[in-house]
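Here the structure is laid out as structure tokens; the discussion comes afterwards.
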Amino acid sequence: RGSRFGSSSSLRAALSRTNTRRSVHIGCWHQSSRSKMSTAALEARIEALETLNEVTTADYNESLDTIWMLLSMMLVFFMHAGFSMLECGTVRFKNTQNILTKNLFVVCAGFLCWYVFGFALAFGPVEDPNKFSGGTGFFMEGFWKDKSKFRFWLFQGAFCATGATIVSGAMAERTQLKGFALYTILMTSFIYPIVVYWGWSGSGALNYTEGDESKSAVGPAFMDFAGSGLVHLTGGVGALCGAIIVGPRNGRWDESKANDFDGHSVPFCVLGTFFLWFGWYGFNPGSTGSMHDVATANTAGLVAVNTTLAPCVAGLLVFSLRALVFQPRLMDVGAFCNGILAGLVSITAGCAAVEPWESIIIGLVGGLVYQATSMLIK
């Protein structure tokens, strides 16, 4: 046996080496298996964290956008306090309750009409889009399935009511409540929503996409960031039509009765102007529609700056012209207020597209246009 297998000590050494190699091989196999399992677990954990990060980011973005839109809507809603005070101050004391009732009615009826008809005609998408009006979302149909629509509905509803309020001051002291109520219902249910669809829906006659190009029925696409045309001009045209139809107040241009038509409270006019200006910081910056990235935040900052500079210039220009150039050369506080409002309306369309120095020019033009039309009104 010794000659065939060698000595017993050699045999034991050979067996030991064989067992050692087997142990090393088995150990390496277990280590490789653990390594593969650890890599798979790590990849799964990374994937889970990435998914969680995406969900968390989306939640934060949605929350920030909702907070921003609700805050902006509250500022726009507060503008109705400004309208009320301004109009109350510019009418005679005996008509204050009438004008305040109209302002309250606009808000209450306006939002209800926006709920029933307005929003659907302005932003309700249809399967075969047309260039005239929308047609889905009456009575907030479908909102419960997509609750992100609520904030947009509320913000745009405040715009709708604001557009309708413009008329109440233009026809103050000579329009019955029932006539104004009918106008408000028509404006907030049909007129304003259809005009908004033309410009802001993305499918309307003033701004739609054909291929990769944005255009309108008359050429280049209509650009109105926050509503100089779609909100203020729509309400302004309604106000102009109403003023032409009902005519001036009896004796308004009789020089012997000129003082009889002075507003009863200049402080109300000034406070109302400041309230409106304050609310405009929701009207214009809030039109970004979101606030979860740097680009949008920078846009909102630019819009706020332009919303400050334009009315400053317009107000000072009108006040200076009334005090130094045009008769009777008085420090006309009411005209100062109207000049500020003219500057605010003028900058609303382009507030996100112009530099601050350009907003000053826009304010100057707005002030001049107001002064010219004010002189021609007689």
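Residue check, residue 268 against (1) modelled with pLDDT of 95 or more; (2) under 20 Å from the mean Cα position of the chain (by Cα), all met but one. Which one?
Result: residue 268 fails condition (2) only.
Taking the options 308, 273, name whichever one is at pLDDT 95 or above, open to solvent by 30 Å² or more (accessible area, probe 1.4 Å), of a type in the set (Val, Ile, Thr) and out of contact with any Asp or Glu (no Cβ under 8 Å at 6 or more places or on another chain).
From the options 308, 273, the qualifying one is 308.
I need the full set of residues from segment 99-114 which are surrounded by fewer than 17 Cβ atoms within 10 Å (Cβ to Cβ) and either within 21 Å of residue 150 (Cα to Cα) or at pLDDT below 95 (or both), in order please.
Passing the criteria: 108, 112.
With the requirement that a residue be in contact (Cβ under 8 Å) with a residue 60 or more places away in the chain, open to solvent by less than 20 Å² (accessible area, probe 1.4 Å) and assigned to a helix (DSSP H, G or I), what does segment 158-177 give you?
158, 159, 161, 162, 163, 164, 165, 167, 168
Of the residues that make up segment 69-79, is at least one at pLDDT 95 or above, open to solvent by 50 Å² or more (accessible area, probe 1.4 Å) and in contact with a Phe, Trp or Tyr (Cβ under 7 Å, 6 or more places away or on another chain)?
Filtering segment 69-79 down to residues at pLDDT 95 or above leaves 69-79.
Still in the list and also open to solvent by 50 Å² or more (accessible area, probe 1.4 Å): 70-71, 74, 77-78.
Restricting the remaining residues to those that are in contact with a Phe, Trp or Tyr (Cβ under 7 Å, 6 or more places away or on another chain) gives 78.
Yes.
Going through 337, 312 one at a time, which residue ends up being assigned to a helix (DSSP H, G or I), in contact with a Leu (Cβ under 8 Å, 6 or more places away or on another chain) and of a type outside the set (Phe, Trp, Tyr)? Outline the logic, then answer.
Values: 312 fails: in contact with a Leu (Cβ under 8 Å, 6 or more places away or on another chain).
From the options 337, 312, the qualifying one is 337.
Taking segment 128-157 on its own, how many of its residues are surrounded by 18 or more Cβ atoms within 10 Å (Cβ to Cβ) and either part of a helix (DSSP H, G or I) or polar (S, T, N, Q) (or both)?
7
From the residues in segment 26-38 that are among the hydroxyl-bearing types (Ser, Thr, Tyr) and open to solvent by less than 70 Å² (accessible area, probe 1.4 Å), which one is modelled with the highest pLDDT?
Of segment 26-38, the ones among the hydroxyl-bearing types (Ser, Thr, Tyr) are 32-33, 35, 38.
Adding the requirement that they be open to solvent by less than 70 Å² (accessible area, probe 1.4 Å) leaves 32-33, 35.
Working: 32: 54, 33: 54, 35: 58.
My answer is 35.
Quickly run through segment 237-255 and pick out the residues that are of a type in the set (D, E, K, R), surrounded by 10 or more Cβ atoms within 10 Å (Cβ to Cβ) and free of Cβ contacts under 8 Å to residues at least 60 places away in the same chain.
252, 254
Check off (1) open to solvent by 20 Å² or more (accessible area, probe 1.4 Å); (2) in a loop (DSSP other than H, G, I, E, B); (3) out of contact with any Lys or Arg (no Cβ under 6 Å at 6 or more places or on another chain) for residue 191 and give me the number that stays unchecked.
It is condition (2) that residue 191 fails.
The values are calculated or read from the model by the stated rules, or taken from the named source; none is laboratory data. Only a predicted model underlies this, so the values are computations on that prediction, with no experimental measurement involved. So basically every Cβ, Gly included, is an ideal-geometry build from the backbone, and we count neighbours across all protein chains shown. Heads up: the accessible areas ignore ligands, DNA and RNA and are worked out on the full protein's heavy atoms, side chains in. Shrake-Rupley method; radii C 1.70, N 1.55, O 1.52, S 1.80 Å.
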